[in-house]
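Worksheet: the structure to be examined is printed underneath.
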Amino acid sequence: MSVTPAPPETPDPAFLNRLRAEVRAALPQVIALRHDLHAHPELSGGEERTAGVVSGLLSQAGIVHETRIGGTHGIVAVVESGEGASGPTFALRGDMDALPITEENEVAYKSQNPGVMHACGHDGHTANLLGAALALQAVRQTLPPGRVKLIFQPAEETVRGADAMIEAGAIKEVDAILMLHGWPHLPPGQIGVRNGPAMASSDTFKVVIKGKGGHGAYPHDTFDPILCGAQVVTALQTLVSREIPPVSPAVVSVTMFHAGTARNIIPSTAEVCGTVRTLDPQLRKTMAERVERVIAGICAALRCGYDFAYTYGTPVTVNDARISNLVRVVGSEVLGSENVIELPEPTMGAEDFAYYVEKIPGAMFRLGTGCPFLLHTPKYDFGDAPLETGILLMAETARRFLAQGGLRPD
Ligand code: NI
């Protein structure tokens, strides 16, 4: 099949003006939604009310959507161009879940759900995505041929949601995908972009060291799993410091060490757990072997056995340059190039958006919230100020993707 290359894509000022007007028109509803979601946060997998409210607003706007995608509360909505859906499909993804943290903000829309709050700003992400849906729906008659899929994803914080959405077909026939994440380190009106690895892979391990317990006064009759575990903890730190090239970032953190029942008993087992992060999918593949080799060597030297489990979590989130570049171009036009910030470094945090971009090209960008408090803390608040920027950026990037006929080389 031969494909005629799309003509070079240029900005469409008339469209952008109309889009701006539609975003402004939607803003009161979007802000009200964010406040409502912030006041009624729901934990990962339990986003029933959130999904109900979103679905209601989508229905009100006449936006076609399916609910209960991915086994829980996922929603996939579609805005189709007035010129038909024969063109490319671009997806926008927002996450909906909250965290088990007690809110310390004194705001009118403070969490009414004790011990649960939107400390990662997913209230803002959901409201933003709904805003993009409303704005795109309003201008659909003038959209270039194609479709925009809006993926409202549950359970990001437990990193289960993305995979479930993908399994359920959310990105079937999707050519590329975009997400944003609120970013307190930039002010509202600015965005942060980056090509390549943006967030780390996140895997975990657990080892049960099996020694021989006994009386604390007679250590020579035991194989001490605590001493062995202590050596394991220390030796694991040589992986990053002595084995992995210093220019290739990695983290091996031991985060749990459980052993013993009494002050005068050497236990028979000790449990050591931790997390492993990398920014390179190839390096990531080597980490399980490295961790187990160290454990096996130390255990053998100290006459202990072990059971080892390595659990793969989220992959590295790798931003596709073609999508990041599109966000740069749109960001420069919509916000001014001085407000498009090149992020100097990735973070070692993880994001389950990684599962989508393992399968299809995509990118995440950071949306400045200017909140003086960090993500996942009791006073984080996405705020209302970033919403207009976020909605415009998402909606216009989607239009540009359709206008250029889909993926283009860098
Ligand atoms: Ni988040």
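The values are calculated or read from the model by the stated rules, or taken from the named source; none is laboratory data. Note that this is a predicted model, so its numbers are computed, not measured. Here Cβ is always computed from backbone atoms with ideal geometry, including for glycine, and neighbour counts include all displayed protein chains. The area values use the complete protein model at the heavy-atom level, side chains included, leaving out ligands, DNA and RNA. Shrake-Rupley method; radii C 1.70, N 1.55, O 1.52, S 1.80 Å.
Taken over the range 257-267, the residue count meeting the criterion of being free of Cβ contacts under 8 Å to residues at least 24 places away in the same chain and surrounded by 11 or more Cβ atoms within 10 Å (Cβ to Cβ) is 1. Within the option set TYR356, TYR380, being assigned to a helix (DSSP H, G or I), open to solvent by less than 10 Å² (accessible area, probe 1.4 Å) and modelled with pLDDT of 95 or more holds for one residue only, TYR356.
Residues checked against (1) among the polar types (S, T, N, Q); (2) more than 30 Å from ILE209 (Cα to Cα); (3) touching a residue at least 40 places away in the same chain (Cβ under 8 Å):
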| position | (1), (2), (3) |
| --- | --- |
| ALA288 | no, no, yes |
| GLY313 | no, no, yes |
| SER324 | yes, yes, yes |
| GLY336 | no, yes, no |
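Where strands (runs of 3 or more DSSP E) fall entirely within the range 71-178, those with at least 3 residues that are within 17 Å of the chain's Cα centre (by Cα), touching a residue at least 24 places away in the same chain (Cβ under 8 Å) and surrounded by 24 or more Cβ atoms within 10 Å (Cβ to Cβ) are at 89-95, 147-153.
Scanning the range 179-219 for residues that are under 18 Å from the mean Cα position of the chain (by Cα) and either open to solvent by 30 Å² or more (accessible area, probe 1.4 Å) or free of Cβ contacts under 8 Å to residues at least 12 places away in the same chain (or both), we see that the one that is farthest from the ligand (Cβ to nearest atom) is ASN195.
Being open to solvent by 20 Å² or more (accessible area, probe 1.4 Å) and under 25 Å from PHE365 (Cβ atoms) is the filter here, so list the residues in the range 43-60 that pass it. Correct list: SER44, LEU57.
Of all residues in the range 309-344, which are of a type in the set (A, V, I, L, M, F, W, C) and either out of contact with any helix residue (DSSP H, G or I) (no Cβ under 8 Å at 6 or more places or on another chain) or open to solvent by less than 50 Å² (accessible area, probe 1.4 Å) (or both)? Across the range 309-344, the qualifying residues are ALA309, VAL316, ALA321, ILE323, LEU326, VAL327, VAL330, VAL334, LEU335, VAL340, ILE341, LEU343.
Return yes or no: is ALA270 among the hydrophobic types (A, V, I, L, M, F, W, C) and open to solvent by 20 Å² or more (accessible area, probe 1.4 Å)? Let's see the steps before the verdict.
Values: among the hydrophobic types (A, V, I, L, M, F, W, C): yes; open to solvent by 20 Å² or more (accessible area, probe 1.4 Å): no.
So ALA270 fails the test.
Looking only at the range 5-42, which residues are over 17 Å from GLY124 (Cα atoms), surrounded by 17 or more Cβ atoms within 10 Å (Cβ to Cβ) and at pLDDT 95 or above? Of everything in the range 5-42, those that are over 17 Å from GLY124 (Cα atoms), surrounded by 17 or more Cβ atoms within 10 Å (Cβ to Cβ) and at pLDDT 95 or above turn out to be LEU19, ARG20, GLU22.
Is it the case that some residue within the range 384-407 is assigned to a helix (DSSP H, G or I) and under 16 Å from MET199 (Cα atoms)?
The initial filter retains those residues of the range 384-407 that are assigned to a helix (DSSP H, G or I), namely 387-403.
Then keep just the ones that are under 16 Å from MET199 (Cα atoms); that gives none.
No: the range 384-407 contains no residue that is assigned to a helix (DSSP H, G or I) and under 16 Å from MET199 (Cα atoms).
What is the number of the single condition among (1) aliphatic (A, V, I, L, M); (2) surrounded by 22 or more Cβ atoms within 10 Å (Cβ to Cβ); (3) within 16 Å of the ligand (Cβ to nearest atom) that MET348 does not meet? Among (1) aliphatic (A, V, I, L, M); (2) surrounded by 22 or more Cβ atoms within 10 Å (Cβ to Cβ); (3) within 16 Å of the ligand (Cβ to nearest atom), MET348 violates only (2).
State whether the residues of the range 383-392 include one that is under 30 Å from PHE223 (Cα atoms) and in contact with a Cys (Cβ under 7 Å, 6 or more places away or on another chain). No, that holds for no residue. Taking the criterion of being in contact with a Ser or Thr (Cβ under 8 Å, 6 or more places away or on another chain) and away from the ligand (no atom under 13 Å from the Cβ), the residues of the range 145-178 that qualify are PRO145, GLY146, ARG147, VAL148, LYS149, PHE152, ARG160, ALA164, GLU173, VAL174, ASP175, LEU178.
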